[in-house]
1. Compute, for the chain, the length of the dipole vector about the Cα centre, with Cβ point charges of +1 (Lys, Arg) and -1 (Asp, Glu) only. Units Debye, rounded to 20.
2. Along the Cα→Cβ direction, 7 angstrom out, place labels at L116 and T77. What is the inter-label distance in nm?
3. If exposed means no more than 16 neighbouring beta carbons inside 10 Å and the site is in a DSSP loop, what's the longest run of the chain without any exposed GluC sites (Glu not before Pro)?
4. When the Cα centres of segment 53-125 and segment 1-45 are compared, how far apart do they sit, in Å?
5. Relative to the longest principal Cα axis of the chain, at what angle does helix 39-54 sit, 0 to 90 degrees, rounded to 10?
6. For the chain, build the charge dipole from Cβ charges (+1 Lys, Arg; -1 Asp, Glu) around the Cα centre, then report which of A6, C31, I49 sits farthest towards its positive end.
7. Which of the lysines could a cross-linker span from K60 if the Cα-Cα distance has to be under 24 Å and same-chain partners fewer than 8 positions apart are dropped?
8. If you fit an axis through the alpha-carbon atoms of helix 11-30 and take the longest principal axis of the Cα set of the chain, what angle between them do you get, 0 to 90°, nearest 10?
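Every read-out reported here was derived from the displayed coordinates using simple, explicitly stated rules and does not represent laboratory data. The shown structure was predicted, so the numbers you read here are calculated from the model rather than taken from an experiment. Neighbour counts run over all protein chains shown; Cβ positions are idealised from the backbone, glycine included.
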Amino acid sequence: MNVKYAKDITDREQATFETGIKLGAIYHILCGIPVSKDENVITSIEKGIEQAISCQPYVKSVKINLRRAEIQGEKKTEFDYDEISGKIIEADVVIHFKNIEVKGKIEWKSDLDYPLMLIAEINAL
């Protein structure tokens, strides 16, 4: 398949862009999903989203960790559940675009009170 990218965009820039797209997708897919402290529920969400994101172009690996200590909802009543928010999401993604590997992350930064998406590393393959 011959995909046409802008001629003035480097492979490194495109790989970084692709990483940002994947991080944004992970974050926005997860936010708002109902969750409880049930380990089966948490694990199935993590694995399901990992598998879905791995279908996207250039994804080498993806790992999602929902921070269990931040999840509320013991399911003591019918209405007792939590929703996934940025405070709960940790994710790592590795993208391979041509000869570039980019490692990206989502991690909660309590000093910023913010779920930061960042490029952790860029390497030539």
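1. Its charge dipole is roughly 440 debye.
2. 3.9 nm
3. Details: sites that count: E74, E78.
Result for the longest clean stretch: 1-73.
4. A separation of 9 Å, based on Cα centres.
5. With rounding to tens, the tilt is 20 degrees.
6. Value computed over the given set: A6.
7. Within reach: K4, K22, K47, K98, K103, K105.
8. With rounding to tens, the tilt is 20 degrees.
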